[in-house]
Each structure stands twice: as structure tokens, then as C-alpha cells.
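Below you'll find the structure I mean.
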Amino acid sequence: MKNTITAFALITGLSLSGQTKKEGIIEYEQVIDLHASLSKDQEAYKAFIPKTSASTVQVFFKDNAYKVEYLPLETKSKDGSSKVSVQFTSGGGDRLVDKDKKIVYSYHKSGDKNYYTEEPIKKETVVIDKKTTKKILNYACYKATITASDNESYEIWFTSDPGVQANPMFDGVTEGLVLEIRNKKINLLAKKIEFKKTEGKKYTVPLSFKKISAEQAEDLDAEQVESSRQGH
């Protein structure tokens, strides 16, 4: 009887361990060259913000879904007298990716109101170089390149070791878990992976969020940029 209980405990423990491996949090350091990221009509920002800024991106994953969250990016003015809040994110803001439904839910905010858009995941064209490898967080990673819709080229490093598919920036990359993304404007590097239970509510769109079109979302984002520019 004792042997039976021991065997059951071992099997149960292995099962739970396997489940936990599919759930957890990845923390990335995001370093953005703010000046290089400015568009022509944003050139005036250079007088108020530093050339680069670092922030944190968290990716929560569970089964076939993951949630990308950008922690607020706040920088000091050059003379240090005031703080300037600027929204520069590599992937367009917080979003939820449902790989079963093949849908990306992107979140937007205006004042105290929250909105979301719903779009299909767009498959990205990735050129993989399996001859070039390196280790990140002790995972063997392969090098790849991707040209995004804005014609920017990015170097990415991904691994298939944990059996997790998640990406802090390009949801259409399905080759594995992306641990680093870099080009002349940005560097996203995974600093920590924790396999543990996460909040289930992160993987569903909050009922209080209102669905809007992509065009309406663009208008909201433009309003946010203009509000930041005017210092409101």
C-alpha cells in the first residue's frame, strides 16, 4: 500500500510539474533609442528626453495564450527638473494573444476608459540561421532575421527548449520562445523566466473593455501622443 501511495505521489508530482512548465512569466529588459525612434513630426522631443531609456516588459504565458504587458516608461528631462511620460513600446502596447483562436487583442486607453481591438495573427516571414547559436538564460538559442511591416529589419534569438511559444514583439513568429530582439532602435533581452501559476484573468479580455476598430484605435493613440506633447 505504501509503495502504491509513493508511486501515485510521484506520478502526480510529475504531472503537476509538466503543467507548471507551460505556465509562467518572462521578464525582458527593453532598451529603446528614443531619438532614433522619433518620427519627423516628433523631432521636438529630442530637447526633452534622453537618447536612450530602459524599461521592463513582462510576458505571462499559459497553455496556448500569452499576455504582453509594458511597464510605464517615465524619463526625466535633460536638466532633471521634470518628468516626461512618453509612450514608446516595441510591440504597440499591452496585448493578449490567443493562439488557439489565432487572434491578437490589443489594448488601448483614453482617460479612464479602456478599449481593445481584435485582429488575426499575421504570420511573419522568418529567415533562420541554425548555424549561428548562443545561450540566453542557459537556453540554446538560434539566430533568425525578420523584416517587419514597417520594413525594419530585426535580429531575433529563439529557443525551443522550454516547449513554450511566446514573443514580446512579433506574434506571427511561431518558431519557439523568443528571448532576444534587436536592431538599431531597440534591444529586448530576456532577464528571467519563472515557471509558476499566473492569474487566469490575464488570458481573457476584461468585460469592461469596449471593442473598437483599428482606425478608432489609431485615432486614440494619436490623441495620446498629442496629449503627451502638450504636457497634459
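The values are calculated or read from the model by the stated rules, or taken from the named source; none is laboratory data. Remember, it's a predicted structure, so these values are computed and weren't measured experimentally. Note that we place each Cβ from the backbone using ideal geometry, even for glycine, and neighbour counts take in every protein chain shown.
For region 103-137, how many residues are part of a loop (DSSP other than H, G, I, E, B) and modelled with pLDDT of 95 or more?
Final tally of qualifying residues: 1.
Let's see how each residue does on (1) surrounded by 16 or more Cβ atoms within 10 Å (Cβ to Cβ); (2) at pLDDT below 90; (3) over 17 Å from Glu23 (Cβ atoms):
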| residue | (1), (2), (3) |
| --- | --- |
| Thr174 | no, yes, yes |
| Lys196 | no, no, no |
| Glu199 | no, no, no |
| Pro206 | no, no, yes |
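A follow-up question, please. Step by step: first the residues of region 65-92, then only those that are at pLDDT 80 or above and surrounded by 14 or more Cβ atoms within 10 Å (Cβ to Cβ), then the one that is farthest from the chain's Cα centre (by Cα). Which residue is that?
Ala65
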